[in-house]
Every structure is written in C-alpha cells, then in structure tokens.
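Heads up: the structure comes next, in structure tokens.
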Amino acid sequence: MAAYILRRFVSTIAVMAMVGIFIFLLLRLAPGDPAAMIAGRNAAPQLIASIREQLGLNDPIPVQFMRWVRDILGGDFGTSIFAGRPVLELISQRLEPTLSLAILTMILSVTVGVSFGILAAWRTGGLVDRLLAAFSAVGYSVPVFVIGYFLIYFFAIRTHWLPVQGYVPFNQGLGPWFVHLILPTVALGLGYIAFVARVTRASMLEVLSEDYMRTAAAKGASSYAMLFQHALKNAGVPILTVIGISFAYLIGGVVLTETVFNLPGIGRLVVNAINNRDYPIIQSVLILTSGLYVLINLAVDLAYTLIDPRIRY
Amino acid sequence: MQMHQTARNDVLLELRDLETRFYGEESVTRALDGISFQVMKGETLGVVGESGCGKSVTALSILRLLPKVSARIVGGEVRFHGCNLLELSDREMRKIRGDQIAMIFQEPMTSLNPVYTIGHQIAEAVQIHTKASRSVAKAKAEEMLRLVRIADPERRVSNYPHEMSGGMRQRAMIAMALACSPELLIADEPTTALDVTIQAQILRLIVDLKERTGTAVMFITHDLGVVAETCQRVIVMYAGRIVEQATINDLFASPAHPYTQGLMRSMPDPRRGRQRRLPEIPGIVPSLRDPIVGCSFAPRCPFAIDICREKTPVLRDVRAGHTAACWRAEEVMGA
C-alpha cells in the first residue's frame, strides 16, 4: 500500500511535468502579445520592446520554461502582468467563493444523486424511476447559464425569496453566505445530480440481481438493510469513480456559474486573465487545478480499498 | 405467529396445490403447476429432478423470495406450523426467514456478500432475529464456524469471502443458515458447484448437523446419489409437477414412475463395471409456456399409451406411503 502510494506520487511528478510543458507551450504559441496589451493601444514600438525585455519574453522559450518551473517549485507563481500583484495572492483572494460553490455542489449532487439513484433502482419502472429519467434529460441537456437565469427569474426576481447575484464571505455570517450560494449551487448541481443518480441507479440495479442479495433476503434482512448495507457498498466503486470525474468537470462549470451569478471566484479571474493575456495567472490556475485533479484521482483510487476489500494495491 | 392446531402435529411444512408462474414479455411459464407435499419435523426430504423442473422455484416460493417483477404465486397455500405463509405481511415473513426457515444456495462463490467479512454476515443473521449485542453476535459467529468445522475460526471470522475456498464458503453459508437454529433448512443444490471430494464433506456435515440439531432439511438436488446418502423421503419433480413420492427404500427398490426409472438408469453404477455408455432419457423437457395435455412425460416415456397423451394423471397411492402420477404405475413397478 505504502509502495503503491509512493509509486503514484512518482508518476504524479511525471504527469505534472507533461502538464506543465503543455500549458506553457500552449500559451506561448497562442497569438497575442502581452507586452502590447500592457503598453496600450497606440504605444510606441520601443515601449513594447522594453516591456518585453523586462518580462523576459525575449529569452528563448526553453529558458523561459526553466525559469518558470524553478520559480513554481520555490513557491513563486509569478506576478500578474496586469494587476502587478503576486499571482498567489490574487488566487487566494478568489479561492473562497469558488471552493464554497464547488464543495456545496458536490455535497448536493452526491447526497441527492445517490439517494435518487437508489430509490429509482429499488422500484424500477416506478414513479421515482420515471421522474429520474425525465429529470436527467433536463439536467444533462440544459446548460448551466439557462438554468441559472431561469432560477434567478423565478426565485429572485419574481418571488424575491433569494438574492439575484453576488457573494457574501463566510466570515460575514453563515446565513447570508449560504443564501447567496443556494441558486448557484442548484444551477450547477442539477447536471451532476442527474449524472450521479444515473450511475448509482445502474450500479445498484446490477448489484440487486446478485446472488448475495437473495442470501441477505433469506436471512430476513429488511429492505433498508438490503439497499443501504448490502447493495450500496457493492455499488460504491462506480459511484465513487463518477464523483471523482464530476469534480474535474466541475471546474469548467464553476467558470460559467460564477459569471451568471456574479461571484468573485477563480473562474472569473481566469476569464479576465485570458482576455488580458495575463500568462502568469492562466498558467498558475491551470497548473494548480491539474494538480488538484491528479490528487483527487489518487484519493478516489485509495478510497476504493475502503469500499471493496478485494481491491488491494 | 399464530399457531393452529393441526390434526397431525408432526407436520412442519405443508404445501397445498402451490402454483407459481413466471411472466415474460409475451408468455407465461407455469413453473409450478399444483405442488402438494409435506415436510415432517426433523426429517430429511429430498427433492429431485432435472434443471428447470421447479425444484428451486419451490424453495423460493416457500420463502417468498421469487423475483417480484417476473414471478407470482397464483394459487395454493404454504402452511408452516399450520399458518399460511402466503398470507403474512412482508414484515412477518422477514421474521420467519433466516430464523425458522433458513436456506443455503448452490453457488457459494456468489452467494456471500464480497464486501463484508464472514463473521459480519453470520452475526447479521443473529442480530436480525435476536436482541444479541454486537459482541455476543460476533462470538456466536465464531461458535458457528467451529460447528461447521472450519479450522482456526478465531481468524476466519474476519476473513472476506474471496479469501476462502469454495468448500469453506459453503461451510460459512451453512453456519449462517443454522445460526438461529431454524426448524427447517432448505438446501438448494448445496454441493453442485463443489469438487467431488468437498461435496462428500459438505454432505456429511449437513447430515451430522441435522442429526445434532433436529432441524428438518429439504434437500434439493438433481443427483439421486446424494438423495440416497442423505434423505429419508424423496419427491421427484418433472415439468413443474410432482410425479412420484416415496421413502428412499421404496423409491430405489421399485420406482413407480417411468421418469424416476430413467433417472436411476442414467446414474453410473460402479458395480456394473465400466459401461460403454450411460443410458439417457430420450427427448427434452417440455416447454412450460404452453398448456400440457395429458402426462407431461408422455413424449419421452417408453410406457406411454393413448390415455397418457389425453388425460393428465394425478398423484395416487400405489401402495402405503408411495404415490406416483402415472396411469401405468403398477406395470412400471413390475417392469
């Protein structure tokens, strides 16, 4: 087990190196010159050239890359070309809304999705099952910004039950924080609820027809014990896998949701950075989210061993 | 459970005209077509027949474990201590399953839950039916493993099914089934999936435990040899019906149904030396989707005459304690 974790960390380093090269090249090879952006629309060529020199953009690309890697390993993610402040500081300022949204969305989609899926599998073809089929068609096919504006219209503008947009930091009160996050979480979560519920349903259906379920019934186990103890644990591995995958997809969804609900998170930081060709920010956010994704995958793989004793590394 | 005083106190389980059907997309299968028999307290009853004759369906019907969507019991009664199990609520039925009637299954490889330890699964049966605490139930699990002669039970309780061999898993299944001292144990082909040497051990174990605990056993098998070793009375099933019922001695001495005779001839017999080829019963089991006119065995039967193809024979006494559903039973016995 320890050897496995070590091996995984070593391969993680290789993966991150590849990701790093890819991210770096992608941005350098894309059209658009950050020095020209900083200098302004009608700047003199000499000014642009001196800015390029200052930013080190004239050095050969391998040199720029090595410098970047060395800085990152030293914990220095660079300085925003545009804002002139350290990237890490900018990111940490924007971290809370994004993390709040992501975590609440995961909690919502796992709890609701798994329960929904179990109930649908328990009574296949029943009311819950048919509701799930209809719901997942909507959840899958309607994009976040449509659902988002729809929710805003009904629950904020028409009824005034919830705030339209914006974010209140956690330390200014749990209530206001939560109230502002309800609509974004629901808008972002619907698709994931559908996703998790479909996989849970399929996985549960497979397990429910297993011989050991009949053994459990022959023992006199209740429906509750059959579903939640005997079946769910066996159905857990695929469910855990989609939760891991969902987390990766979530990163894309967060950007849209932050825009719709005007949340000052990482997503909007990145969108602005892309518009401004603010390389250090784009690179840092990409490398950090890739790292997070790799770690989540590792965590999911390790969590399998807690669910299924047959899986050993 | 309400107890009715029956005329014969030694009857533990009585099936009366049990009819179970399976519903497919377009067809209905009459899996059980009027099954009636009794299991006495403490006896070992063998249920024999080919695959698909309704042996397992009978067992699952008794415990009401048939798949809800596709199967239904459409008629008859299952009286346990005189009380009709088919009329009980789901909750009342759960109290009987695993406590008064327990069951072991054919496939020890797939019949245990792979994500829980053996000890946990045995203890669960105890905890469902008694108020035993976790630790008491765990101790009971260990005791049961010792009872089914698993070596090193202290260690084995915390094993997962995949860490055990097929024979050991079947022992664990038996331990689980007997944990609440049931009055009836239904064993559905418990040795079919095992190696021959392990088969004999498991059979021996079931017979021993049965003698020690006084549990009645309903032994379902396709193997007449197993029946001969374990049972006192036998029921022979064919195409969803009982075709013969007798004590083990009567059945082997003078089978009264041509199907039973065919089954016996197709058993290898070492005394006869090496045969060129075992005789087999010609033809195939009829489809249970179409209504059967006459005797269901008639198309394969060497004794069949006109009446066999026209009228369905009912079970009748051919002598004391020996019944058969054959128009020509007397001639068959003499043959």
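The values are calculated or read from the model by the stated rules, or taken from the named source; none is laboratory data. Nothing here was measured: the structure is a model prediction, and the numbers come from that model. Note: ideal-geometry Cβ built from the backbone for every residue, glycine included; neighbour counts use all protein chains shown.
Considering (1) farther than 30 Å from A:Ala194 by Cβ; (2) in contact (Cβ under 8 Å) with a residue 60 or more places away in the chain, the lone condition that A:Ala43 does not fulfil carries the number (2). In this structure, B:Ala31 does satisfy being modelled with pLDDT under 95 and crowded, with 18+ Cβ neighbours inside 10 Å. Screening B:Leu288 with (1) in contact with an Asp or Glu (Cβ under 8 Å, 6 or more places away or on another chain); (2) at pLDDT 90 or above gives one miss only, at (2). A:Gly253 falls short on exactly one of the conditions (1) out of contact with any Ser or Thr (no Cβ under 6 Å at 6 or more places or on another chain); (2) within 14 Å of another protein chain (Cβ to nearest Cβ), and that condition is (2). Checked against the criterion of being free of Cβ contacts under 8 Å to residues at least 40 places away in the same chain and either under 30 Å from A:Arg158 (Cβ atoms) or within 14 Å of chain B (Cβ to nearest Cβ) (or both), the stretch A:181-199 contains one or more residues that satisfy it. Tell me yes or no: at least one residue of the stretch A:199-213 is over 25 Å from A:Leu240 (Cβ atoms) and surrounded by fewer than 23 Cβ atoms within 10 Å (Cβ to Cβ). No: zero hits.
Within the stretch A:263-277, not a single residue is hydrophobic (A, V, I, L, M, F, W, C), part of a helix (DSSP H, G or I) and within 14 Å of chain B (Cβ to nearest Cβ).
With respect to the conditions (1) in a loop (DSSP other than H, G, I, E, B); (2) farther than 28 Å from B:Gly49 by Cβ, B:His120 falls short on a single one, namely (1). Each residue in the stretch A:170-180 was checked for being surrounded by 12 or more Cβ atoms within 10 Å (Cβ to Cβ) and either aliphatic (A, V, I, L, M) or at pLDDT below 90 (or both), and 2 pass. Check the stretch A:240-254 and report whether any residue there is in the same structural domain as A:Ser109 (by TED's automatic domain parsing), within 30 Å of B:Ala179 (Cα to Cα) and not in a loop (DSSP other than H, G, I, E, B). No, because not a single residue in the stretch A:240-254 is in the same structural domain as A:Ser109 (by TED's automatic domain parsing), within 30 Å of B:Ala179 (Cα to Cα) and not in a loop (DSSP other than H, G, I, E, B).
Just to be sure I understand, how many residues within the stretch B:110-123 are buried (at least 18 other Cβ atoms within 10 Å of the Cβ) and either away from every other protein chain (no Cβ under 13 Å) or of a type outside the set (Val, Ile, Thr) (or both)?
Number of matching residues: 8.
Do you know which residues across the stretch A:58-102 are polar (S, T, N, Q), touching a Gly at 6+ places or on another chain (Cβ under 8 Å) and over 13 Å from A:Val285 (Cα atoms)? Result: A:Gln64, single match. The condition of being more than 30 Å from B:Asp99 (Cβ to Cβ), within 14 Å of chain B (Cβ to nearest Cβ) and at pLDDT below 95 holds for only one of A:Gly166, A:Gly125, A:Gly148, that being A:Gly125. B:Ser135 passes every criterion in (1) outside any helix (DSSP H, G or I); (2) among the small types (Gly, Ala, Ser); (3) away from chain A (no Cβ under 13 Å) apart from (1).
Name the residue that is surrounded by the most Cβ atoms within 10 Å (Cβ to Cβ), counting only residues in the stretch B:86-99 that are within 22 Å of the chain's Cα centre (by Cα) and either of a type in the set (Ser, Thr, Tyr) or at the interface with chain A (Cβ under 8 Å from one of its Cβ atoms) (or both). Of everything passing the filter in the stretch B:86-99, B:Gly98 is surrounded by the most Cβ atoms within 10 Å (Cβ to Cβ). Can you say whether B:Ala102 is facing chain A (nearest Cβ under 9 Å), small (Gly, Ala, Ser) and part of a strand (DSSP E or B), as far as the supplied structure shows? Answer is yes for this residue. Of the residues in the stretch A:303-310, at least one is within 14 Å of chain B (Cβ to nearest Cβ), among the basic types (Lys, Arg) and either farther than 30 Å from A:Phe150 by Cα or surrounded by 20 or more Cβ atoms within 10 Å (Cβ to Cβ) (or both).
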